[in-house]
Structures are given as C-alpha cells and as structure tokens.
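Written out below as structure tokens is the structure these notes cover.
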Amino acid sequence: MTPFLLRTDDLLRGRFGADETPLRRVLPHLFLSVLLFGIAYGAVMGAFGGVRGERALQVLYSAVKVPLLLLATFAVSLPSFFVLNTILGVRDDFRLVLQGLVATQAGLTIILASLAPFTAFWYASVASYDAALLFNAFVFGLASVAAQWLLRRFYRPLIERDPRHRLLLRAWIVIFAFVGIQMAWVLRPFIGDPHTPTHFFRTDAWGNAYVVIARLLLRAAGI
Amino acid sequence: MLKWIRALDRVLKGEATSTAALRTGRFDIPLGGLSLVGLLLGVFYGVCMGVYAVITRFHRPDAYMGYQQLAASAVKVPLLFFLTLVITLPSLYVFNALVGSRLSFLTVLRLLVAALGVMLALLASFGTILVFFTISTSSYSFMVLLNVVMFAVSGMLGLAFLLQTLHRLSVAQESLPPETPLPQTEPNASPPGETPPQALPPAEDIYPPLDPTQSLGAGARRRRPGPLDRPEGQMLGKHVRTVFRIWVLVFGLVGAQMGWVLRPFIGTPNRAFTFLRPRESNFFEAVYGRMVDLVSPDASSRSWQRK
C-alpha cells in the first residue's frame, strides 16, 4: 500500500516516467489508480440520496460508473489519436504519449478523490438536487482543468522535441472532451435524484448531449 | 496480408514518401496489397455506419431492412472511394503532365491509392467513436453530421498527404544526384520580379544521408519529417501548386457529391431500404437541411425519432 501511495505522490509531483521504467510496468499501476480513486469519488458522488436501503445501490452504481466513464472514453478515443500521431509523423514518441495520457487519467481521478470531501460536505449542507448537480459539474470542471495542467507537463518535453505535439495535444483534448461529454450523458444518472427510483441507466432517454445543448441554447436565445 | 498492412503503416509513418526514399528510385508501394487493405478498412467503416440502421429497426417488423442497410453500407464506403478515384485519376494525370511534371501514370496511380489509404485508415480509426455515438444517439441528423465531419477530417488530411507527396515527388524527380547542391534553376522557378529563393542549403541538410547509422542519431530521428510536412528549402513553381490545389478542391467536391449520389449510407429510420435513392438535391443543401433539423425543436420530420 505504501509503495502505491508513494508512486501516486510521484505522479502528482511530475516525477513520474522520468526514469526509463518499461511501459508495461507503469501502466498497471496507473490503471489501478484510475480504478481505486475513481471508485472513491463515485461512491461519494452517489451518496446524495442517502446510503441506506435502496439508495446504497446508487452509491454502488456511481462508484462503478466514474472509472467506467474515464476508461470507456479513453478506449473509444485512443484509436483515432493513435492514427493521428502516426500520420503526423511522431509515432516513435507514442510510448511516452500513452504514458502521459494514462497518467493524466490517473491524475484526474486522484484530484477528484481529493475533492470528494467537499462534495460530501456540500451534500450534507444543501438539499437541492439541482445544486448537487451544479456542484458536481463544478468539481469535474475543476479536476479537468487541473489534470490538463498535468497533461501539459507531460507534453512539454515532447513539444520541445517536436512542435507537432502541440497540435496533437489540442486534438486529444478536443476528441476526449467530445466523446467524454456524450459518455457522461449516456451513463447518467451519477448523482441520483432522491425522488426517482434507483436505476443503473435512465430508462427514459439515451439521447444526445449535443442535440440537447443546442436546443437549450436556441430556446434561451428565444429562437 | 501482414506485409500489406506494414506497407500501409510505412505510408502512414511517412517512410514510404520521405524525400530520401523517393530519390532512391520510384515511389514504391504494393498497389494491389494496399488497395486490399484500404478495401477492408472501408468495409469496416461501412459496417460502423450501418449499425445505426440495425439499431433503429431492432424490434420492428422491418428489422431485416437494417441488416440490408448494414450490408449496403459496407459495400458502398469502399465503392465511394473507388469511384472518386476513377473519376479524378485521369484529370490528375493529365494536368500533372501538362504542368511539366515527369511522373508516370503508374506513379500517379500509386500516389492516389496511397492517399486513399491514408484517408481510409483515419476514417476506420474514427469507427469506435462513431459506433459509440450510434449506440447512444437517436437523432438521425446528428449521425449524418457526425459522419460528414469524420469524412471531412480524414479527407482533408488525406489530401494534405497527397499534395505534400506530389510536391516531394516532383522535387525529387527534378533534382540532381545527392553529391551536388540543389539545382538553382527549376523548370518552374518563380518568375523574375518576385522575391528570389533563399540560398539553398547543401543537399546534405535537406536529404539526410541514406545510411541510417551514419548521422540519424536519437535526436535526429525524432525530428524526422512526417508525411504531412513540407521538406524545407524546396520550392515548386507557383502555377504548379495552384493547379494541384485546384485539383485537390475538385477531388473534395467530387467525393462529397459522390457520397450524396451513393446515399443512403446510414438509413433514415422509417424509410424503406433501397440501395440507391432517386436523383434529387445535392450534398451541401442536404447538410444544411440536417443542421437546421438538428436544432429545430418541432420539425415534423422528426416524427420517426425513437420513442
């Protein structure tokens, strides 16, 4: 347990991957971090409606869904990013790129987990479901921005070596956000409205996040 | 098979089209093998596209139409690229010969097949994202637009590859052997009155020596130009570039309209399956219509949306 936490600390301080540890030794640790810390935040996230009786299920579901959200988005986005890296001529660096990307996922979940106490505190003090929704959006936004900082740190030596990595970094953020937003929409509910029964997936609507957002914006603009 | 996939990989990594490789001889890729790999990638993307039709009709009496659409899409995506190739290849060759380049017909064909390989590889790599959105989205218009974006991105990168390789091929064929400095007078050098070309660096700087152990150290290897990069210090004549650019634009327009002619690829959920639809409208009008439909909250055309 202690070595695990020590390596987690290394990751946050940007000392990760500086040595030439082979990728297959690094990746399992990183994926384990995504799982453990993701489960930790998810469990807190799902606790809005309480933790007793049927509501315990929501805690369990959310705990599964947060790592699932990140790993599934990662798996869906990776093939196109791999081909983009190849076509721009920087495939030789992909080992480092992959390590940086997975480490960022791990970093994101660590940051989320570190913010979990705030979420719990917010749940304990505000009863409104909408407020809980907004607060989680804020936490995820904050964690994403902070994790991007980590990603940029991994990319800095790469960009120095080859400026094309800057473009690829932006491409990754666009692809990952595009898929991630829809993935989060599909995996709803994460928080669980206390007035509706607990489900793993919403039964009423899959739908498309972007269509919904476009319609909301148009309605807000009065068109 | 593995050999051909490796050939595609070499094209994608830019090894097959590096200036050094082009100068040693012909632009050498296995034409048949690369076409086959491209065909399979196209079929894969077609299947990803057709999944939408299967899902929207899943529990309905016309479920068999979904599978028909899936099969049709798997055939049509490779067909789309093949027909676009057939339509545009002659004009590329003719214009290429007209502006004074010395590329043979076979080289032009190889070049186009390689560019289509790049497009199809990229398109197929978007397949996972497409299937994910297909499974989670019911909006037909969104799926159409998403496909348009994916085709546009892979098409543009493929054409950038084509343009860059054309450029390199023309330069490589016109330059002198590696010992001498680059020729100062190219057939299509910029006319007098314009900024004169900068003093060109010796050939060694532009073309790394062919022996990889000699000077391609770790640092140099990282900087190896990718397939989309312009080799430094080389100029093609202005009107040659203009002709190529116009041709690339034409290729894009033909490809887009070909996609419209070969529709349906995705399959409107409550229209009966047909292999082709009657002639009407055009690609750009249809895309605009889909954008409007995507955001209009009460369009009657959405009556087929999944309940």
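Where a number appears in this text, it was derived from the coordinates with a stated rule and is not lab data. Keep in mind the model is a prediction, meaning the values are calculated, not measured. Ideal geometry is used to build each Cβ from the backbone, glycine not excepted, and the neighbour counts take in all protein chains shown.
Counting only whole DSSP H helices of chain A, the ones at least 24 Å long by C-alpha along their axis and with mean Kyte-Doolittle hydropathy no lower than 1.0 are A:23-45, A:55-87, A:94-125, A:164-186.
A simple count of charges around residue A:81, restricted to other residues whose Cβ falls under 13 Å of its Cβ and scoring Lys, Arg +1 and Asp, Glu -1, yields +1.
Neighbour counting of Cβ atoms within 10 Å sorts the residues B:76, B:3, B:238, fewest neighbours leading, into B:3, B:238, B:76. Binning the alpha carbon pair distances of the range A:66-159 at 10 angstrom intervals from zero yields the distribution 15, 38, 27, 14, 6, 0, expressed in whole percent. Set the Förster radius R0 to 41 Å, insert the Cβ-Cβ distance between residue A:9 and residue A:211 as r into 1/(1 + (r/R0)^6), and round the FRET efficiency to 0.05. Step by step, r from the Cβ atoms, then E = 0.45. Ellipticity at 222 nm from helices only: DSSP H runs of n ≥ 4 in chain A, each -39500 (n - 2.57), divided by the residue count, give -26500 deg cm²/dmol.
Roughly how compact is the range B:1-118, stated as its Cα Rg over 2.2 N^0.38 Å to two decimals?
1.36
According to the Kirkwood relation over distinct C-alpha pairs, the hydrodynamic radius of chain A is 18.8 Å.
Peptide A:179-185 shows a mean partner chain C-beta count of 2 within 10 Å per residue C-beta. Taking 0.36 nm per residue of separation and subtracting the current Cα-Cα distance, fully stretching the chain between residue B:64 and residue B:274 would add 74.4 nm. For peptide B:125-134, the mean count of partner chain Cβ atoms within 10 Å of a residue's Cβ comes to 5.
Annotation: the residues B:280, B:15, B:285, sorted from fewest to most other C-beta atoms within 10 Å of their own C-beta, follow the order B:280, B:285, B:15. Rounded to the nearest 20, the Cβ-based charge dipole of chain A about its Cα centre (Lys and Arg +1, Asp and Glu -1) stands at 300 debye. Within the range A:25-100, all pairs of alpha-carbon atoms sorted by distance into 10 Å bins from zero give the percentages 18, 34, 25, 15, 7, 1. Here the spin labels are modelled as points 7 Å beyond Cα on the Cα-Cβ line, and at residue A:177 and residue B:102 they lie 5.0 nm apart.
Taking a sphere under 13 Å around the Cβ of residue A:58 and counting the other residues whose Cβ falls inside, with K and R at +1 and D and E at -1, yields a net charge of +3.
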